[in-house]
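Readers should treat all values here as calculations from the given coordinates under stated rules, not as data from a laboratory. These figures come from a predicted structure and were not determined experimentally. Note: ideal-geometry Cβ built from the backbone for every residue, glycine included; neighbour counts use all protein chains shown.
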């Protein structure tokens with residue numbers, strides 16, 4: 001058990017019992033534990049398998065490659081409309097965690113096999129169009145295009161979705177200008 005996760009759970013103001021039970025299930029399943037992105041993350045052979053996520057109304061056990069798991073009862077859901085690979089199981093009480101434990105353990109076993117087999121979720125066929133304002137910024141900021149292209153596809157996509165979601169050109173430009181230093185440093189939006 002990772003001391004940093006102990007401290008995370010001790011500081012938690014909500015979902016403490018639920019997260020502790022999820023942690024116990026993950027560790028019992030043979031996963032290694034560490035604190036990544038400020039949350040308990042579970043790995044096998046150094047590959048990310050799952051993460052525990054506390055939210056306001058519920059907590060979740062998210063599988064990074066959940067789209068590859070067999071889910072005949074549709075218990076796993078996409079975290080958002082732009083999520084491609086991740087799927088999560090949601091809980092709003094300790095009773096729900098206890099009740100869902102057999103299915104969760106089955107998902108964890110599948111996820112471990114997926115990771116050990118080196119399986120990957122195929123990328124989406126559609127690519128997000130690069131906003132004109134970003135193309136223009138590439139022309140004016142030295143090294144920006146090269147730095148952007150060095151980012152992982154997921155980080156590039158996150159930036160493009162964020163920039164493109166603004167309805168007005170001046171808002172898109174402002175978002176891009178605000179993030180230029182992060183891109184030049186090789187950081188994603190959430191790093």
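Given the options 147, 111, 60, state which has the largest fluctuation in a GNM of the chain using a 10 Å cut-off (strictly under) for Cα springs.
Result for the chain, Cα springs under 10 Å: 147 fluctuates most.
How much length would be gained if the chain were fully extended between residue 35 and residue 170, taking 0.36 nm per residue of separation minus their Cα-Cα distance, in nm to one decimal?
44.8 nm
Kindly express, to the nearest 10 degrees and within the range 0 to 90, the angle between helix 16-28's C-alpha long axis and the longest C-alpha principal axis of the chain.
Orientation of helix 16-28: about 80 degrees from the principal axis.
From the alpha carbon gyration tensor of the chain, can you work out the equivalent ellipsoid semi-axes (sqrt of 5 times each eigenvalue) and give them in Å, largest to smallest?
35, 18, 16
If each residue of separation counts as 0.36 nm, what is the full-extension length gain between residue 12 and residue 56 once their alpha-carbon separation is subtracted?
Here the segment from residue 12 to residue 56 would lengthen by 14.7 nm.
Dividing the Cα radius of gyration by the Kirkwood radius, what Rg/Rh value follows for the range 132-184?
Reported Rg/Rh (Cα atoms, Kirkwood Rh): 0.93.
I need the calculated FRET efficiency for the pair residue 46 and residue 117, taking r as the beta carbon distance and R₀ as 25 Å, to the nearest 0.05.
0.95
Kindly provide the pair-distance distribution of the range 3-116 built from C-alpha pairs, with 5 Å bins from 0 and whole-percent values in order of increasing distance.
Per 5 Å bin, starting at 0, the Cα pair percentages come out as 2, 12, 25, 27, 21, 10, 2, 0.
Testing the spin-label approximation: label points 7 Å from Cα along Cα→Cβ at residue 78 and residue 136. State their distance in nm.
The modelled label-to-label distance comes out at 3.1 nm.
Simple spin-label model, 7 Å along Cα-to-Cβ: residue 70 to residue 187 in nm?
4.4
Would you calculate, for the chain, the mean residue ellipticity at 222 nm contributed by helices, counting each DSSP H stretch of 4 or more residues as -39,500 (n - 2.57) and dividing by all residues, to the nearest 500?
That calculation yields -14500 deg cm²/dmol at 222 nm.
Which angle from 0 to 90°, rounded to the nearest 10, does the C-alpha axis of helix 94-116 make with the longest principal axis of the chain?
Approximately 60 degrees, to the nearest ten.
Could you check which residue among 26, 166, 109 shows the biggest mean-square fluctuation in a GNM of the chain with a 10 Å Cα cutoff?
166
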